[in-house]
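Report on one structure; see the data block that follows.
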Amino acid sequence: MQELKDFIRDIPDFPKPGIVFKDISPMLKNPSALKKTIDFMAEKLTSLKPDVVLGIESRGFIFGGALAVATAKGFLPARKPGKLPYKTDQVSYDLEYGSNCLELHIDAVEPGQRVVIVDDLLATGGTASACAELIRRQKGIVAGHLFVVELSFLNGRTKLDPDPVYSILDY
Ligand code: AMP
């Protein structure tokens with residue numbers, strides 16, 4: 001899997017000075033790197049026995065959408081405020097660079113459903129734990145979290161305790 005790091009590009013000082021942005025665009029445009037990534041994540045996803053996949057706007061839609069199709073599960077979009085058309089529940093949280101808010105349709109999760117949360121990158125864990133909170137409010141079960149990249153020096157994983165967390169590429 002380590003060879004997939006060749007397809008992650010560092011962009012210094014984006015979107016703010018001091019942040020090194022991990023750009024997954026080279027991975028997305030390379031067919032074999034993208035397939036390897038999705039195949040590996042699909043295996044992990046299946047081991048978590050989910051009923052449904054939740055993807056976080058916007059890069060989580062790419063991986064979450066592909067994984068939902070690859071594993072024949074449904075897909076739930078967690079979106080930035082004002083984007084979802086039906087009634088929503090929302091939660092605010094802190095980011096590595098700023099703060100944010102995410103929404104989920106109020107009828108997204110069935111009580112007792114196992115949901116796996118998918119995003120491109122785990123940094124401080126604020127985004128993923130906000131989604132976990134939205135799922136739990138709807139009486140769903142957070143089956144686990146799946147990321148392509150983990151910035152483990154930020155310890156985001158501890159914020160997601162005790163839910164299982166998998167990432168492919170660690171920095
Ligand atoms: P966090 O909530 O701190 O775990 O941040 C994770 C979210 O912010 C994900 O949706 C990432 O796409 C994005 N993100 C945070 N830091 C970075 C980074 N250094 N490079 C790329 N994306 C990032």
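The values are calculated or read from the model by the stated rules, or taken from the named source; none is laboratory data. Owing to the predicted nature of the structure, the values given are computational and were not obtained by experimental measurement. All Cβ positions, even for glycine, are placed from backbone atoms using ideal geometry, and neighbour counts span all protein chains on display. We work out accessible area using only protein heavy atoms, side chains counted, and drop any ligands, DNA or RNA first. Shrake-Rupley method; radii C 1.70, N 1.55, O 1.52, S 1.80 Å.
Observations on the model:
- Looking across ILE19, ILE106, one residue alone is more than 24 Å from VAL142 (Cβ to Cβ), of a type in the set (A, V, I, L, M) and touching a residue at least 12 places away in the same chain (Cβ under 8 Å). It is ILE19.
- Test result for GLU133, open to solvent by 10 Å² or more (accessible area, probe 1.4 Å), modelled with pLDDT of 95 or more and not aliphatic (A, V, I, L, M): yes
- Top-ranked residue in the range 92-112 [being open to solvent by 40 Å² or more (accessible area, probe 1.4 Å) and of a type in the set (A, V, I, L, M); ranked as farthest from the ligand (Cβ to nearest atom)]: ILE106
- Test result for PHE14, within 16 Å of the ligand (Cβ to nearest atom), without any contact (Cβ under 8 Å) to a residue 24 or more places away in the chain, hydrophobic (A, V, I, L, M, F, W, C) and in contact with a strand residue (DSSP E or B) (Cβ under 6 Å, 6 or more places away or on another chain): yes
- Unique match (being under 14 Å from LEU146 (Cβ atoms) and away from the ligand (no atom under 16 Å from the Cβ)) among ASP39, ASP89: ASP39
- Selection count, the range 154-171, where residues are more than 11 Å from the ligand (Cβ to nearest atom) and surrounded by fewer than 17 Cβ atoms within 10 Å (Cβ to Cβ): 5
- Taking strands (runs of 3 or more DSSP E) as the structural unit, those lying wholly within the range 1-80 and holding at least 2 residues that are open to solvent by 20 Å² or more (accessible area, probe 1.4 Å) correspond to 9-12, 20-23, 74-78.
- Residue check, ALA33 away from the ligand (no atom under 16 Å from the Cβ), of a type outside the set (Lys, Arg) and within 21 Å of ASP163 (Cα to Cα): no
- Selection count, the range 49-80, where residues are within 16 Å of the ligand (Cβ to nearest atom) and β-branched (Val, Ile, Thr): 3
- Selection of first residues in the range 81-99 that are modelled with pLDDT under 90 and of second residues that are exposed (fewer than 12 other Cβ atoms within 10 Å of the Cβ) and not in a strand (DSSP E or B), restricted to Cβ pairs under 6 Å at least 6 apart or on distinct chains, gives the following pairs, ordered by first then second residue: TYR97/LYS16.
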